[in-house]
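To start, the structure under review is shown below, and the notes come after it.
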Amino acid sequence: MEPQKDYVLRTVEERGVRLIRLWFTDVLGQLKSVAISPAELADAFDEGLQFDGSAIDGFSRVQESDVLAVPDAATFELLPWADPEEPSGRIFCDIRNPDGTPFEGDPRWVMRRSLAKAAEMGYTFYTAPEVEFFYFRHGDPEQPLAPLDNASYFDLTTADVASPLRKRTITMLEAMGIPVEYSFHEDSPSQHEIDLRYTEALSMADNVMTLRLVVRKLALDRDLHATFMPKPLNGVQGSGMHTHMSLFENDVNAFHDAGDEYGLSKTAKAFIAGLLRHAREITAITNQLVNSYKRLVAGDEAPTFVSWARNNRSALVRVPVVKPGKESSTRVEYRALDSAANPYLAFSAVLAAGLKGVQEGYELPDEAAADLYTMSRGQARAKGFEELPMSLSEALDVLEESPLMTEVLGEHIHEWFLRNKRAEFAEYRREVTPFELRRYLNTW
């Protein structure tokens, strides 16, 4: 990493950078930042920047509050929206204890630990998320939400008034070294999708955090509000973050087998089986909000049953069709994940579930050939399909009893996440909603 540090320090000097923002996330995936001057950057690389971890959700207790933010030089980028007269840069950080050991409350450390386990097995983990979000005219929760358009899938008409904003967002992302594969208007009014190009999972988690900031910042510049809330509108589909993933052994896709009828290797089948067997255990991580479970309902084009299929979008795990000659792109797609998940924890969870299947040699169950969107709970159970948790509370119960997730998250994050999310659900249960007033006030 020394050459990379030297490159960053030289770039900062040559470009006249005035401010460097050190980025990291709390356990829930909220982006945090500490700004330093260029004069402090070399010391930050060598010693880390000390700050009070007790002020960050899920970090330290008051009596053990000090932690260090250690910049990862490989993540340095200039901020393209900064004043050209006063350039600024950003660097993602790893959080460490004062003695230099990794801090157990750092989601990025959870991701590093998971990737290290994959590396021990000979694998590199790649992901490519499809990030969905909404634009609204304001972000006032006390007022009715106001979409910008009534467009639908792939519309490129005057109905899709946000196209220029989406285009500017892509330009900003690519200026920060984040390649975009696709972008388009999604199914719901004022809903959009940006698909990021495949890369190694830690870099992709950093990219997702950057994308969220860029989307919201550029919307705010136009007095608009962008949200990654999974289900902000009734009667239309919510925002997912369908994530494509694969394992590579050096430059070889470990999921591909030309001799298999599905084109899937034994590793791929066991990985999918691991995702299915542990799907309920990881759902609280991949879908962490009370609101997440308003999306995971029948009829909203989101999975509700634990299943897999080839090119069947109603399944939880889908195996996309691979173009002839593109066998190296063999991958699986996990469709429950939503856009509000902490990407470091979510990618770690799905990786751990898949690797458990590979380690233990799980058998892949039969493919789901039917349309699960139209299948009743009774029909699904009769065919042997488990149901994903129907609420955050149920998902937390399953997470709490999962040895796999306790190991992946570490006791620090596992315990804090459960405590924080149970408090969120308890607050939700005490809230009287507009639905209840409409349904019961004049009837009962």
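When both residues are 6+ apart or on different chains and their Cβ atoms are under 6 Å apart, which pairs have a first residue that lies in region 105-116 and is over 17 Å from Ala341 (Cβ atoms), and a second that is open to solvent by 30 Å² or more (accessible area, probe 1.4 Å)?
Gly105/His412; Trp109/Pro102
What tally of residues in region 383-396 results from selecting those that are within 20 Å of Ala340 (Cα to Cα) and open to solvent by 40 Å² or more (accessible area, probe 1.4 Å)?
Of the residues in that region, 2 qualify.
Any residue at all in region 338-346 that is of a type in the set (Asp, Glu), closer than 30 Å to Phe435 by Cα and buried (at least 24 other Cβ atoms within 10 Å of the Cβ)?
Within region 338-346, one or more residues are of a type in the set (Asp, Glu), closer than 30 Å to Phe435 by Cα and buried (at least 24 other Cβ atoms within 10 Å of the Cβ).
Restricting to region 121-131, name every residue that is open to solvent by 10 Å² or more (accessible area, probe 1.4 Å), out of contact with any Ser or Thr (no Cβ under 7 Å at 6 or more places or on another chain) and at negative phi.
Once the filter is applied, which keeps residues that are open to solvent by 10 Å² or more (accessible area, probe 1.4 Å), out of contact with any Ser or Thr (no Cβ under 7 Å at 6 or more places or on another chain) and at negative phi, region 121-131 yields Met121, Tyr123, Thr124, Glu130.
With respect to Asp260, is the statement that it is outside any helix (DSSP H, G or I), more than 22 Å from Ser163 (Cα to Cα) and modelled with pLDDT under 95 true?
Values: outside any helix (DSSP H, G or I): yes; more than 22 Å from Ser163 (Cα to Cα): yes; modelled with pLDDT under 95: yes.
Yes: the conditions hold for Asp260.
Which ones in region 105-123 are within 15 Å of Gly29 (Cα to Cα) and outside any helix (DSSP H, G or I)?
Gly105, Asp106
Of Arg295, Arg313, Arg335, Arg318, which residue is of a type in the set (D, E, K, R), on the phi < 0 side of the Ramachandran plot and either in contact with a helix residue (DSSP H, G or I) (Cβ under 9 Å, 6 or more places away or on another chain) or open to solvent by 20 Å² or more (accessible area, probe 1.4 Å) (or both)? Working first, answer last.
Numbers: Arg295 fails: either in contact with a helix residue (DSSP H, G or I) (Cβ under 9 Å, 6 or more places away or on another chain) or open to solvent by 20 Å² or more (accessible area, probe 1.4 Å) (or both); Arg335 fails: either in contact with a helix residue (DSSP H, G or I) (Cβ under 9 Å, 6 or more places away or on another chain) or open to solvent by 20 Å² or more (accessible area, probe 1.4 Å) (or both); Arg318 fails: either in contact with a helix residue (DSSP H, G or I) (Cβ under 9 Å, 6 or more places away or on another chain) or open to solvent by 20 Å² or more (accessible area, probe 1.4 Å) (or both).
None of the other options fit; the residue is Arg313.
Search region 13-43 for residues being among the aliphatic types (A, V, I, L, M) and more than 20 Å from Thr210 (Cα to Cα), and hand back the single one that is farthest from the chain's Cα centre (by Cα).
If we take residues in region 13-43 being among the aliphatic types (A, V, I, L, M) and more than 20 Å from Thr210 (Cα to Cα), then Ala39 is farthest from the chain's Cα centre (by Cα).
Being touching a Ser or Thr at 6+ places or on another chain (Cβ under 9 Å), small (Gly, Ala, Ser) and modelled with pLDDT of 95 or more narrows it down to one residue among Ala146, Ala118; which is it?
Ala118
Pick out the one residue from Lys356, Lys323 that is open to solvent by 10 Å² or more (accessible area, probe 1.4 Å) and part of a loop (DSSP other than H, G, I, E, B).
Criteria check complete, one pass: Lys323.
Here's the yes/no breakdown for (1) under 30 Å from Leu351 (Cα atoms); (2) at pLDDT 80 or above; (3) of a type in the set (Ser, Thr, Tyr):
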site	(1), (2), (3)
Tyr126	yes, yes, yes
Val131	yes, yes, no
Phe136	no, yes, no
Pro141	no, yes, no
Ser152	no, no, yes
Thr157	no, no, yes
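The values are calculated or read from the model by the stated rules, or taken from the named source; none is laboratory data. These numbers come from a predicted model, not from an experiment. For neighbour counting, all protein chains shown are included, and Cβ atoms are generated from backbone atoms with ideal geometry for every residue, glycine included. Calculation scope for accessible area: heavy atoms of the full protein, side chains included, ligands and nucleic acids excluded. Shrake-Rupley method; radii C 1.70, N 1.55, O 1.52, S 1.80 Å.
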